[in-house]
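No lab work stands behind these numbers, since they all come straight from the coordinates. This structure is a prediction, so every number in the text was calculated from the model and none was measured. Positions of Cβ are backbone-derived with ideal geometry, glycine not excepted, and every protein chain shown enters the neighbour counts.
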Amino acid sequence: MADKQLLLGDEAVALGALHAGLSGVYAYPGTPSTEITEYIQGHPLTRERHIHDHWTTNEKTAMEGALGMSYAGKRSLVCMKHVGMNVCADPLMGSAMTGANGGLVVAACDDPSMHSSQNEQDSRFWGTFGMMPVFEPSNQQEAYEMTRAAFDYSEKRTIPVIMRLTTRMAHSRAVVTPTGDIRPQNELHYPEYPKRWVTLPVNARVRNRELIKDYAQFEEDAATSKFNWIADGPDHSMGVIACGIAYNYLMENYPDGCPYPVLKVSQYPFPRKLALKLAAMVPTILVLEEGQPLVENMLRGVFPSNTKIIGRIDETVVRDGELSPDDVRKALGLPALPTFAPSQVLAPRPPALCMGCGHRDFYTALNNVLKKDYPTARVFSDIGCYTLGYMAPFHAINTCVEMGASFTMAQGAAYSGTWPAVGVLGDSTFTHSGMTGLLDAVNGNADVVLCISDNLTTAMTGGQDSAGTGRIEAICAGLGVDPAHIRTIVPLPKNYPDMEKVIREEIEYHGVSVIVCRRECIQTARRHAKK
Amino acid sequence: MSQRGGDVQSNLRLSSDPIYSDLIPRGAADLIVSLEPLEALRYIPYLAPEGWIITNTVPFENIPDYPPMDQVMGALNKLPRVIAIDVDAIAKEVGSPRSANMVLLGATASVLGILDPDKLRDGIRRIFGRKGEEIVEANIKAFDAGFASARKK
C-alpha cells in the first residue's frame, strides 16, 4: 500500500473513496470536480468491484442516486462543482433529514475567482444551512486521508459529509502515500432508523430536533478532530485562523515556522471551543479562508468583543477572488518580494470557440438571419462551450445565467412581447435541465425558437458522455413538440443557405420550434479519429 | 482553455523541503518556461530577480491585437536571464516537429541545476516507452538538441 503516487487533489479524493470501499460514484461533470469521477472510471478496482460509475443527467439525479445507495447500506460518492450544489439542493437538504446509512460523501469543488464559473459561492455554507459536517483538506495527502475518514464519520454519525475542495486543491498534483488497507465494500443493509427516511411532517419534526442535537455533537467532534489543531507561536500580538488551503499560503510566508499561534481548521461545524482557546492567547485574530468570509462572519458579533477580528470583511485580506500566497503575505504585513513590473507589451488572449467548431457555424447562420431581418430578436443562452458565442466576432447571445435558463427565459421574454425569442443550449445542458423547460414551452404554446447545438458530448469539461446522445429529437417529440417543427440541420459553411432558411421558417411559425443543429465536437472527433 | 486558444499556465514546484503553497508567489519563480514568447512575457511579475526565462521565439497569433514581435522580443531581452530559441525550427531540424515541447524541456534542463538531465531522459523513456523505441529516440533527440542550443547561448 505504501507506494507513493503523484495525484491531483481530485484524484486523491477518488482514491480515498475507492480504498474506503466505495460502491458508486454519482456525478455530472463540472470544473474543477470532473477528474474525481474520471479517475474512478479509469481505476482497475472499479471494474473489479463493479462500482457504479456512469455520468448522471444532472447533479440532482446524482445526489438522489447516491442517497438511494446509502439507504441500501453501501458507500457512495457524489461529485460536482459548486453551482451543482444548487441543482441538487433539494435532495442534499433532504439527505440531512434522512441521514446516511451507508457512508455518503458529497464532494463540492468551488471555483473562487471564477476561472470557469458564473459565481464564487462557498460550499461550506451548505453545511451550516443543512446541519451537515464539512471536511476541507489542505493538501493532497489530507484529501486522501480525509475522504477515507469522511466515509467512516458519515456512518458513525449517520449523516452525509460534504467534502469541500477549491480550484488549487482540486487541480494541483502532489505526492500521496495511501494509508491503511483497501476496505471491503459494504453488504446490502437497511437503515436502523427507517422513519427518518420518510420525511412526512410527523417524522420530520422529530428528526429535525434530533438533527439539531446531532449538529452540536458534530461541533464537539470538530473540536477534538485530528484535522483541527492549535500550534502555538512565540509572538502573541496576533493569532491566525487558517482554513483549508489558506493554511498553505500562511506557511509559505514563514518557511522557518509561523511566529503567531495558529488554529488550523479542516473540519466543520466550526469548532468555537478552539477559537475561544486561541482568543485567550491573543488580542487580534486574522482569519484566512478561501471563499466567502464564513468563519470571519461567525466570529464578528454585533456586540462589542475583547478580540479584534480581521480578514476579508475589513479588507485586511482581499475581499473576493481566490487567495494567493501574495494576498496572505500582504495581510500579514510582510513586505512584497522584489518583482519585475508587468510588461506594457501585452495583449489578452481569451478562450474562443475552436476553429472548425459547429457552434461557430450555427452562430454565423443565426446572426445572418437575425441581424439582417429580425433586429428586435433576443437570444437567451446558458452555460457550455456555446456561451463563447458572446465573444467576438459573434456577439450572438444576450443572456447566460445557469444551465437550462435559456429555454425558460426565452419563454418569459416571449410572453412579455419579445419577438423573436430564441433559446440556445447544448445537448448535455438540454438533458441536464432544458427538457423540463421545453415541456413548459409546449404546455404554454410559447412563441419561441429553441435551438439545441448538439455536438454529441459534454464538451466544455473535456468530452464526457452526454445523456441524450442519439435521442434528442425523440425526447423533444415525446415532450409534445410538433414533429413538423423539430428541424435538424448540419452546421457547416456550405449549408448556410439551408440553415438560414430553416431558422427563418421557424421564426415565422408562432409556436414552439426546436432546431437541432448537430455536428460532432471537433475535439472529440479528433480523438475518435486517432483510435 | 488551451484547446480553445486561451492563455494557460501551470505552476511546478520541486524541493527537498516541504512545499506549502501550490501557487508560486510573485517574484519567486526560478524559471518561466514558455512555448510562446508573448505568454512568457505575461508572467514576468512571477519571476525571481535571479530567475531564468526559457522561451520559444515563434509567436502563436490567434488574437487580432498581437503586439509587434520586435516589441515582444525587446521586452523579453531586457530581462537579465533569457534563453530565447526557435523551438519549432530545432524540432524540425532533428526530424521531430511534434517534439517542440521536448526541445524546450532540453533547454530548460540546461539551467535547471537541481535535476540531472539524465533523470529527465529517463522520464522521457518512461512516458513514451509504450509508443515504441522510435518515438522515444525522437523525443530524446529533440531534448538533446534543445539542451545543446541553450548551452550555446
request  = Give the residues of region A:78-104 whose amide nitrogen is closer than 14 Å to a point set 7 Å from the Cα of A:M298 in the direction of its Cβ.
outcome  = none
inquiry  = If I histogram all Cα-Cα distances within region A:383-463 using bins 10 Å wide from 0, what percent of pairs lands in each bin?
reply    = 20, 51, 26, 3
ask   = Which shape class applies to region A:358-529: rounded if a/c is under 1.5, otherwise prolate when a/b exceeds b/c and oblate if not, where a ≥ b ≥ c are the square roots of the Cα gyration tensor eigenvalues?
value = rounded
task = Express the relative contact order of chain A as a whole percentage, based on alpha carbon pairs under 8 Å and six or more residues apart in sequence.
result = 11
message = Per residue of region A:264-269, what does 6.51 cos²θ - 1.76 cosθ + 1.60 with θ = phi - 60° give for ³J(HN,Hα)? Whole Hz please, x for Gly and Pro, Karplus curve as stated.
response = 9, 10, 10, 9, 10, x
Helical mean residue ellipticity (222 nm; -39500 (n - 2.57) per DSSP H run of 4+; nearest 500) of chain A = -11000 deg cm²/dmol
key: Net charge, B:S15 excluded, C-beta distance under 13 Å - Lys, Arg +1, Asp, Glu -1   = -3
note = GluC sites (Glu not before Pro) in region A:195-282 lying in a DSSP loop, each with at most 16 other Cβ atoms within 10 Å of its Cβ, come to none
key: Pairs from A:K156/A:K264; A:K4/A:K264; A:K4/A:K277; A:K60/A:K156; A:K60/A:K195 whose Cα-Cα separation, in the structure shown, is over 29 Å   = A:K4/A:K277
request  = Can you tell me the relative contact order of region A:5-224? Whole percent, Cα pairs under 8 Å, sequence separation 6 or more.
outcome  = 27
ask   = Under 5 Å between amide H atoms, partner at least 5 residues away or on a different chain: which partners does A:I241 have, H built in plane at 1.01 Å?
value = A:L263, A:L286, A:V287, A:L288
query = Can you give the Rg to Rh ratio of region B:1-85, both from alpha-carbon atoms, with Rh computed by the Kirkwood formula?
reply = 0.99
request  = For region B:95-153, just say rounded, prolate or oblate: build the C-alpha gyration tensor, square-root its eigenvalues into a ≥ b ≥ c, call rounded for a/c under 1.5, and beyond that prolate if a/b exceeds b/c, oblate if not.
outcome  = oblate
remark   = Residues other than A:I230 with Cβ under 12 Å of its Cβ, Lys/Arg counted +1 and Asp/Glu -1, net out at +2
ask   = Suppose R0 equals 60 Å; then what is the FRET efficiency for A:L337 and A:K372 from their Cβ-Cβ distance, rounded to the nearest 0.05?
value = 0.60
message = Just to confirm a number: summing +1 for Lys and Arg and -1 for Asp and Glu over residues other than B:N62 whose beta-carbon lies under 13 angstrom from that of B:N62, what do you get?
response = -3
Whichever aspartates and glutamates have a C-alpha closer than 14 Å to that of B:K92, once near sequence neighbours (fewer than 8 apart) are set aside = B:D144
Close Lys-Lys pairs in region B:95-153, where close means Cα under 21 Å and separation is 8 or more or interchain = 5
ask   = What's the center-to-center distance, using Cα atoms, between region A:34-59 and region B:17-41 in Å?
value = 33
ask   = Can you list the residues, at least 5 places off or on another chain, whose amide H is less than 5 Å from the amide H of A:V176, using H built in the peptide plane?
value = A:Q5, A:L6, A:L7
³J(HN,Hα) computed for each position of region B:38-47 - Karplus, 6.51 cos²θ - 1.76 cosθ + 1.60, integer Hz, glycine/proline x = 5, 5, 4, 5, 4, 10, 4, x, 8, 6
remark   = In nanometres, the difference between 0.36 nm per residue of separation and the alpha-carbon distance of A:K213 and A:A347 is 42.6 nm
message = Rounded to the nearest 5, what % of DSSP beta bridges with both residues in the protein assembly as shown are antiparallel?
response = 15
task = For region B:1-150, give the magnitude of the charge dipole about the Cα centre (Cβ charges: +1 Lys/Arg, -1 Asp/Glu; no others), in debye to the nearest 20.
result = 280
message = Given axes a ≥ b ≥ c from the Cα gyration tensor, I'd like to know whether region A:229-331 is rounded (a/c under 1.5), prolate (a/b larger than b/c) or oblate.
response = rounded
key: Convex hull volume per residue in cubic angstrom - Cα atoms of chain A   = 194
ask   = Once label points are set 7 Å from the Cα along Cα→Cβ at both A:H115 and B:V8, what is their separation, rounded to one decimal in nm?
value = 1.1
note = The Cα extents of region A:62-112 along the principal axes, largest first and rounded to whole Å, are 34, 17, 13
task = Starting from the Cα of A:D90, step 7 Å along the direction of its Cβ; do the same at B:R130; then give the gap between the two resulting points in nm.
result = 4.3
query = What full-extension length gain, to one decimal in nm, is calculated for B:Q71 and B:K152 as 0.36 nm per residue of separation minus the Cα-Cα distance?
reply = 26.7 nm
Amide proton proximity set for A:K308, modelled H, under 5 Å, gap of 5+ = A:T284, A:I285
